[in-house]
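Read through the structure below, which is laid out as structure tokens, and then see the notes.
The values are calculated or read from the model by the stated rules, or taken from the named source; none is laboratory data. In this text, all values refer to a predicted model and were calculated from it rather than measured experimentally. No Cβ is skipped: glycine too gets one built from the backbone with ideal geometry, and neighbour counts run over all protein chains shown. Quick note on the areas: whole protein, heavy atoms, side chains included, nothing else; ligands and nucleic acids left out. Shrake-Rupley method; radii C 1.70, N 1.55, O 1.52, S 1.80 Å.
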Amino acid sequence: EVQLVESGGGLVQAGGSLRLSCAASGFTFDDYAIGWFRQAPGKEREGVSCISSSDGRTYYRDSVKGRFTISSDNAKNTVYLQMNNLKPEDTAVYYCAAGVCGSWRPVKNYGMDYWGKGTLVTVSS
């Protein structure tokens, strides 16, 4: 059974760091891109970052460039999102998903086939 399980969320002060993990199982990990998405209270879900399965290319939305880093450990079937210099506006439930790095907009569910249940990140000011 396909599973994506996020972990690493929590409460952190502005300027602090967190590393989120996405543990995948039930599918051929190397065949899928893994993306990170987030949904802040009262706001729409948005793409944060994505790492391609074919060439390892990475993508970041402008607001997190230079602060967040996505990486993959294929031996562990795990993708990470290192988040540095966190800001209150980063507060959201963060989701990982498997599919393709297709779109920054909610077209075809952002190109993702499988989704985790999310982990909450709260950044205090």
Per residue, what volume in Å³ does the convex hull of the Cα atoms of the chain enclose?
-> 93
What relative contact order, as a whole-number percentage, does the chain give when Cα pairs under 8 Å and 6 or more residues apart are counted?
-> 35
Can you give me the P(r) profile for region 51-125? Cα pairs, bins 10 angstrom wide beginning at 0, each as a whole percent.
-> 16, 49, 32, 3
Point-to-point label distance, Val5-Ala40, nm (Cα→Cβ direction, 7 Å offset) | 3.1
From highest to lowest solvent-accessible area (probe 1.4 Å; ligands, DNA and RNA excluded), Leu86, Leu11, Leu18 read Leu11, Leu18, Leu86
